[in-house]
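Worksheet for the structure shown next.
The numbers here are math on the coordinates, done by the rules we state, and not lab data. Note that this is a predicted model, so its numbers are computed, not measured. Note that we place each Cβ from the backbone using ideal geometry, even for glycine, and neighbour counts take in every protein chain shown.
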Amino acid sequence: MSTGPNPLVVRGSKRYSCDVPAQASIAPEQQAAIKLSRTVAGGGGGLEVRLADFSQGGLGVHSMVYFAPGTLLLIQIESEPMPVSVRVQRSSMADRSPRYYLGTSFMEAGGTGVFERLKARTAAA
């Protein structure tokens, strides 16, 4: 019987549950290839999403729109001054509404500050 780490466990960071409103938009470098319909995106091109969880490595996002792994997104979290850049790592249907769970990873060092602020925000709630 092996006592080592499970090779099937992908996540390297503890995830914290939350329910935070946010806006998602396609990152500028992929806007030529990926267009959101005006019926799903507001006039500004943003799509309403909800953060389901977060970790030091990224965000878990609930979206009414499917985004394929590899898609680069800008997530503007409510009360955050700047959007955070993320890459979709996995995408799965969460329920039949339809709603998708997007597992994302931070693309830049700014994700560390977002993680700390979200952690403080959920601890205060």
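Assorted remarks:
- Choice from SER25, SER55, SER92 showing the highest fluctuation, given a GNM over the chain with Cα pairs closer than 10 Å: SER92
- Centre separation in Å (Cα based) which lies between the range 15-35 and the range 43-73: 4 Å
- Diffusion constant of the chain at 25 °C, which comes from Stokes-Einstein with the Kirkwood Cα-pair radius and 0.890 mPa s, µm²/s: 162 µm²/s
- Distribution of pairwise C-alpha distances over the range 42-107, 5 Å bins, in %: 4, 18, 29, 29, 14, 5, 0
- Put in order of Cβ neighbour count within 10 Å, fewest first, the listed residues THR122, THR71, THR104 become THR122, THR71, THR104.
- Adding -39500 (n - 2.57) for every DSSP H run of four residues or longer, then dividing by how many residues the chain holds, sets the calculated 222 nm ellipticity at -4000 deg cm²/dmol.
- Rounded tilt (10° steps) of 110-124 against the dominant C-alpha axis of the chain: 80 degrees
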